[in-house]
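Have a look at the structure below before the remarks.
The values are calculated or read from the model by the stated rules, or taken from the named source; none is laboratory data. None of the values given here were measured: they were computed from a predicted structure. Cβ coordinates were reconstructed from backbone atoms using ideal geometry, including for glycine residues, and neighbour counts include every protein chain displayed. Areas reflect the complete protein model, heavy atoms only, side chains present, ligands, DNA and RNA absent. Shrake-Rupley method; radii C 1.70, N 1.55, O 1.52, S 1.80 Å.
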Amino acid sequence: MLLHNKIHRFIKAFSTSTTKTTTASINWRTQIKQTQVIHQISSILLQRHNWTSLLQNLNLSNKLTPSLFLQILQKTQQNPQVSINFFNWIKTNLQFKPDLKSQCFVIQLVLESGQRQRIKPILDSLIKTHTPAALTYSMIQAGKGRSFQSDALSLVLDCYSHKGLFMDGLEVYKMMRDHSFVPSISACNALLDAMYRQNEIRLAWCSYGAMIRDGVLPNKSTWSLVAQILCKSGKFDIVLRLLDSGVYNSVMYNLVIDFFSKSGDFKAAFDRLNEMYDGRRLTPSFSAYSSILDGACKYKNVEVMDRIVRLMIEKELLPKCFTSGSDSVVQKLCDLGKTYAAEMIFKRACDEKLGIQDDTYGCMFRSLSKEGRVKEAVQIYHLISERGITVKDNNYCAFANVLCKEDQSDEACELLRDLVKRGYSPCAMELSKFATSQCGKGRWREVEELLNAVLEQGLLLDSFCCCSLMEHYCSSGQIDKAIALHSKMEKLKGSLDVSTYNVLLDGLFKNGRLDEAVRIFDYMKELDVVNSLCFATMISGLCRIKELRKAMKLHDEMLKMGLKPDEATYKRLISGFQ
């Protein structure tokens with residue numbers, strides 16, 4: 001027996017050894033074949049001009065792997081253009097999908113060949129399919145020992161930032177710092193701009209401080225962004241100090257002129273305009289002049305209005321009869337947010353009965369809504385409706401949003417309901433806030449009409465306003481309306497909170513609506529919106545109408561689900577079975 005065991009162990013050992021040797025032999029042969037393929041393809045690419053026709057005969061679809069492709073790129077990298085052309089060819093003709101490592105390596109080659117414009121499509125694709133950490137790490141690995149490593153990483157940062165993905169951009173920046181790479185100033189500016197546009201002011205300041213500590217030197221674009229961030233932070237005086245210290249550009253002057261114009265300090269605004277032109281040799285833009293015009297229109301300062309219009313005509317920023325070209329002027333002013341100036345020219349054009357384009361109505365409508373000028377936006381809305389003017393859907397949505405935020409009047413509620421019925425819905429969160437506010441004021445009819453319009457459009461609001469209206473229906477004995485509201489919510493898979501469901505169930509039993517109570521309770525269980533109190537309400541209600549068998553079934557289900565109520569409640573509950 002002992003001898004038999006020893007023989008078995010030897011057989012097993014020798015069998016395993018043979019398998020390992022066979023596997024190694026196969027791997028060795030595969031490696032030789034792959035090396036031959038790499039050498040063959042690389043030689044054809046580097047030595048033959050007609051390499052496309054030669055490669056088509058090699059049946060590469062069955063041979064090429066991401067690992068082999070990367071090795072071919074490394075073999076041909078001394079001729080970057082050949083590598084890039086091969087990369088494009090295999091994607092187009094073989095539908096081959098290179099892995100992340102290979103694409104990062106190609107980006108390095110494209111950079112070295114000076115063809116930056118060809119990098120964006122590759123990065124756009126990689127950003128959709130890989131995390132910032134994975135993409136940045138692969139780019140670092142692909143660029144080891146190469147001269148454009150920081151540039152490649154800066155392009156990654158820039159790409160995320162231009163898409164508004166500043167948190168992903170910050171992750172890239174952090175990894176760059178961890179590996180001692182310094183981003184380009186253009187990438188830093190793009191990141192700052194992304195944060196500024198999304199109102200992440202504190203984060204922008206922290207990032208700016210990190211950039212300065214890392215040795216990134218600001219340029220004119222950086223100072224423009226810094227000035228905008230300062231103004232948004234309410235630190236306008238620092239911008240003035242920067243200008244007076246010799247740090248300036250057109251954007252910074254535009255910000256200062258706009259600030260003085262909005263506050264009605266036209267002397268200071270004209271002083272800075274003259275300083276910009278005479279002292280700094282900068283040419284004021286349409287934006288700078290229109291800021292003063294907008295302020296003058298806002299404060300109804302006719303003298304300043306006439307003065308700035310004359311200047312703008314003199315500088316050929318406005319036509320001599322500026323109402324004759326009103327459409328382009330109004331649209332340009334609206335794009336800049338100069339709604340008072342745009343409104344003045346728009347009204348003059350209307351008074352002179354000039355033909356105004358539909359797009360101009362749309363621009364006025366959107367711009368007034370965006371600036372929160374509700375009264376004026378409502379007037380334009382009525383004009384559009386009366387004259388049958390066609391404007392873009394997003395203009396109506398912007399109007400609906402401003403009604404939710406700025407206006408709580410009866411007219412606003414009516415307008416919102418009409419907009420929703422026409423399919424122009426504001427942000428669901430803003431509409432929910434509006435409806436909740438109406439509930440708080442006890443304006444139940446308005447809430448009911450608005451909510452019905454919303455539900456008919458297949459939309460759901462925050463459950464709080466639905467719960468408030470449901471509890472109002474139950475407390476005021478309007479049980480049919482309560483059932484109708486819940487039926488509409490069911491179609492959209494909406495639900496109430498547990499406490500409101502208890503109120504509804506209790507109301508249904510009090511009004512003898514057993515079938516509806518059972519149906520709604522079944523729906524609650526489907527959505528897992530039940531607790532011990534819900535079961536207690538149902539069981540008590542069924543016991544009161546002597547539906548003891550149904551009550552007992554629910555009792556057993558309650559215990560099975562582990563929802564037994566406290567002892568005092570439970571004793572009262574089971575007393576109903578007696």
Task: Efficiency of FRET from Cβ geometry, Glu449 and Ser575, R₀ 41 Å, rounded to 0.05 - done: 0.40
Open item on the list: Output wanted: per-residue J couplings in Hz (rounded whole) for the range 262-276, from phi through Karplus 6.51 cos²θ - 1.76 cosθ + 1.60, θ = phi - 60°, x for Gly and Pro.
Closed with: 5, 8, x, 8, 6, 4, 5, 5, 5, 4, 5, 5, 5, 4, 4
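Could you rank Cys206, Cys404 by how accessible they are, 1.4 Å probe, largest area first? Walk me through the numbers before you get to the answer.
Numbers: Cys206 80, Cys404 5 Å².
Result of the area sort, largest leading: Cys206, Cys404.
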Open item on the list: As a test of the formula, what do you get for the chain when each DSSP H run with n ≥ 4 contributes -39,500 (n - 2.57) and the sum is divided by the residue count, at 222 nm and rounded to the nearest 500 deg cm²/dmol?
Closed with: -23500 deg cm²/dmol
Open item on the list: Heavy atoms only, 1.4 Å probe, whole protein assembly: order Leu203, Leu542 by accessible area, highest first.
Closed with: Leu203, Leu542
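I'd like to compare 240-247, 496-503, 464-471, 185-192: which one has the highest average count of other Cβ atoms within 10 Å, and what's the full order after that?
Working: 240-247: 13.1, 496-503: 17.8, 464-471: 21.5, 185-192: 23.8.
Descending packing order for the listed peptides: 185-192, 464-471, 496-503, 240-247.
Give, in nm to one decimal, the length gained when the segment between Ile32 and Lys441 is fully stretched (0.36 nm per residue of separation minus the Cα-Cα distance).
Values: separation 409, 0.36 × 409 = 147.24 nm, distance 8.15 nm.
Using 0.36 nm per residue and subtracting the Cα-Cα distance, I get 139.1 nm.
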- [ ] Work out from phi, with θ = phi - 60° and the Karplus expression 6.51 cos²θ - 1.76 cosθ + 1.60, the ³J(HN,Hα) of each residue of the range 211-217, listed in order in whole Hz, and give x for Gly and Pro.
- [x] 4, 5, 5, 7, x, 6, 8
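Taking only protein heavy atoms into account and a 1.4 Å probe, give the accessible area per residue of the chain in Å².
Working: 30220 Å² over 578 residues.
Per-residue value: 52 Å².
Can you give the extra length, in nm with one decimal, that the chain gains between Asp124 and Gln408 once fully stretched, where that is 0.36 nm per residue apart less the Cα-Cα distance? Mind showing how you got there, number by number?
On the way: separation 284, 0.36 × 284 = 102.24 nm, distance 4.36 nm.
Full extension of this stretch gives 97.9 nm more.
Could you tell me the calculated FRET efficiency between Lys163 and Asp515, based on Cβ-Cβ distance and R0 = 45 angstrom, to the nearest 0.05?
E between Lys163 and Asp515, to the nearest 0.05, is 0.25.
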Task: Above-threshold pairs, the threshold being 30 Å between Cα atoms, out of Lys235/Lys441; Lys128/Lys488; Lys163/Lys392; Lys481/Lys560; Lys405/Lys481; Lys63/Lys101 - done: Lys235/Lys441; Lys128/Lys488; Lys481/Lys560
- [ ] Provide the net charge surrounding Gly264, with neighbours chosen by a C-beta distance below 11 Å and charges set as Lys +1, Arg +1, Asp -1, Glu -1.
- [x] +3
Open item on the list: Tell me the accessible surface of Phe181 in square angstrom (1.4 angstrom probe, heavy atoms of protein chains only), to the nearest ten.
Closed with: 40 Å²
TODO: Could you list the trypsin sites (Lys or Arg not before Pro) in the range 454-519 that lie in coil according to DSSP, counting only those with at most 11 other Cβ atoms within 10 Å of their Cβ?
DONE: Lys493
- [ ] Mark the label point 7 Å from the Cα of Glu112 along Cα→Cβ and return the residues of the range 68-100 whose backbone N is within less than 19 Å of it.
- [x] 68-89, 99-100
TODO: State the percentage of accessible surface on the range 428-578 attributable to carbon and sulfur atoms; use a 1.4 Å probe and exclude ligands, DNA and RNA.
DONE: 52 percent
Task: Inter-label distance, nm, simple model (7 Å from Cα along the C-beta direction), Lys493/Glu352 - done: 5.7 nm
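Taking the range 336-417, which trypsin sites (Lys or Arg not before Pro) meet the DSSP loop condition and have no more than 14 other C-beta atoms within 10 Å? Spell out each step's value before the answer.
Working: sites: Lys338, Lys347, Arg348, Lys353, Arg366, Lys370, Arg373, Lys375, Arg387, Lys392, Lys405, Arg417; in loops: Lys338, Lys353, Arg373, Lys392.
Those satisfying the criteria are Lys353, Lys392.
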TODO: Using a/c under 1.5 as the rounded threshold, could you call the range 375-526 rounded, prolate or oblate? The axes a ≥ b ≥ c are square roots of the C-alpha gyration tensor eigenvalues, and prolate needs a/b larger than b/c, oblate otherwise.
DONE: prolate
TODO: Could you tell me the largest-minus-smallest coordinate of the C-alpha atoms of the chain on each of the three principal axes, in descending order and whole angstroms?
DONE: 99, 88, 47
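Taking a temperature of 25 °C and a viscosity of 0.890 mPa s, what whole-number D in µm²/s does Stokes-Einstein yield for the range 459-578 with Rh from Kirkwood over alpha carbon pairs? Numbers along the way, then the final one.
Details: Rh = 14.6 Å.
The calculation lands on 168 µm²/s.
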- [ ] Identify all aspartates and glutamates with a Cα-Cα distance to Lys262 below 12 Å; exclude those on the same chain that are fewer than 8 residues away in sequence.
- [x] Asp294
Open item on the list: Going by average Cβ density within 10 Å per residue, which order do the peptides 567-574, 311-318 take, highest to lowest?
Closed with: 311-318, 567-574
Task: Projected label distance in nm at Arg307 and Thr390, using a 7 Å step from Cα toward the beta-carbon - done: 4.6 nm
Task: Options Pro66, Ala190, Gly494, ranked by Cα towards positive dipole end of the chain, top entry (Cβ charges) - done: Pro66
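Please work out the FRET efficiency for the pair Gln141 and Ser233, using the Cβ-Cβ distance as r and a Förster radius of 60 Å; give the result to the nearest 0.05. Intermediate values should be presented prior to the final figure.
Working: r = 40 Å, r/R0 = 0.66.
Calculated transfer efficiency: 0.90.
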Task: trypsin sites (Lys or Arg not before Pro) within the range 67-152, DSSP loop, no more than 10 other Cβ atoms inside 10 Å - done: Lys144
